[in-house]
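I have placed the structure first, in the form of structure tokens, so that the comments after it can refer back to it.
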Amino acid sequence: MHVPDGFLDAPTSVATAAVAVVAVGASLRGARRELDDRTAPLAGLVAVFIFAAQMLNFPVGVGTSGHLIGATLAAVLVGPWTATLCMTVVLTVQALLFADGGVSALGTNIVLMGVVAVWVGYGVFRLVLALLPRILASVSAAAGVGALLSVPASALAFVGLYAVGGATPLPLGAMAAAMGGWHLVIGLGEAAITLLAVSSILAARPDLVHGAAGRLPTLELRTTAVSA
């Protein structure tokens, strides 16, 4: 999924960089409403997990590769605005220090994985969650569905960018088939990992899961009168 240097032409790369700057700026404001003293450490752990998961790449043909993204997992755990920031940090470190994704394509990668994957995954999560019973198990199930669809959505968004500004002689049809098909398979793995991770955290500390807000059981304090 990491787009290398020279895969898209300069105008497309500049345009996606501009979109990425706007998205990150908006996320810096939005994350203030999502983070507090309890959830800030979790955001750091989420970024570390995503960094490790994205280092495992799978070749999918026509000069491209795929990997787990972790965008929906981050959005459900710490909120979509914070998730966009986490993805931006991970992608920037990967591009600058590990040559995973081109520096000139950093804006493109942020748009694909930090914006499209995060917000498509979170949007599907909220939609599915609204249709399920108001229990904690529904949060995990909805997160899995969101993760499943976020991966091919990001891949197809890349295909759309390539159709507009592709700079390499690769057949668009073959790329679309490879990216869409393989990333749907990768999405199944991401859905399973997301469901298990969210379920584990819900079992231990449901109060830390952003997507579980409003579904936590409420405690009632009752007092009994003691007669003299």
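The values are calculated or read from the model by the stated rules, or taken from the named source; none is laboratory data. On a predicted model such as this, the values are computed, not experimentally measured, just so you know. Glycine also receives a Cβ, built like all others from the backbone with ideal geometry; neighbour counts cover every protein chain displayed. Quick note on the areas: whole protein, heavy atoms, side chains included, nothing else; ligands and nucleic acids left out. Shrake-Rupley method; radii C 1.70, N 1.55, O 1.52, S 1.80 Å.
Listed values, structure above:
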item	result
Some residue of the stretch 170-179 being in a helix (DSSP H, G or I), small (Gly, Ala, Ser), open to solvent by less than 20 Å² (accessible area, probe 1.4 Å) and at negative phi	yes
Members of the stretch 186-215 found to be more than 14 Å from Ala147 (Cβ to Cβ), open to solvent by less than 30 Å² (accessible area, probe 1.4 Å) and of a type in the set (Gly, Ala, Ser), listed by number	Ala212
Meets criteria (among the β-branched types (Val, Ile, Thr), open to solvent by 30 Å² or more (accessible area, probe 1.4 Å) and under 27 Å from Gly6 (Cβ atoms)) for Val151	no
Matching residues, the stretch 118-135, being of a type outside the set (D, E, K, R) and part of a loop (DSSP other than H, G, I, E, B)	Leu132, Pro133, Ile135
Segments classed as helices (runs of 4 or more DSSP H), wholly inside the stretch 1-98, with at least 1 members that are open to solvent by less than 10 Å² (accessible area, probe 1.4 Å) and at pLDDT 95 or above	10-30, 71-78, 80-97
Test: residue in the stretch 125-143 that is touching a residue at least 40 places away in the same chain (Cβ under 8 Å) and under 16 Å from Ala26 (Cα atoms)	no
Gly165, sole failed condition from (1) open to solvent by less than 10 Å² (accessible area, probe 1.4 Å); (2) of a type outside the set (Asp, Glu); (3) farther than 22 Å from Val14 by Cβ; (4) more than 17 Å from the chain's Cα centre (by Cα)	(3)
The listed residue being touching a His at 6+ places or on another chain (Cβ under 8 Å) and more than 30 Å from Arg205 (Cβ to Cβ), out of Ala155, Ala174, Ala163, Ala167	Ala155
Some residue of the stretch 102-117 being part of a loop (DSSP other than H, G, I, E, B), open to solvent by 30 Å² or more (accessible area, probe 1.4 Å) and free of Cβ contacts under 8 Å to residues at least 40 places away in the same chain	no
So Ala157, is it touching a Leu at 6+ places or on another chain (Cβ under 6 Å) and buried (at least 16 other Cβ atoms within 10 Å of the Cβ)	yes
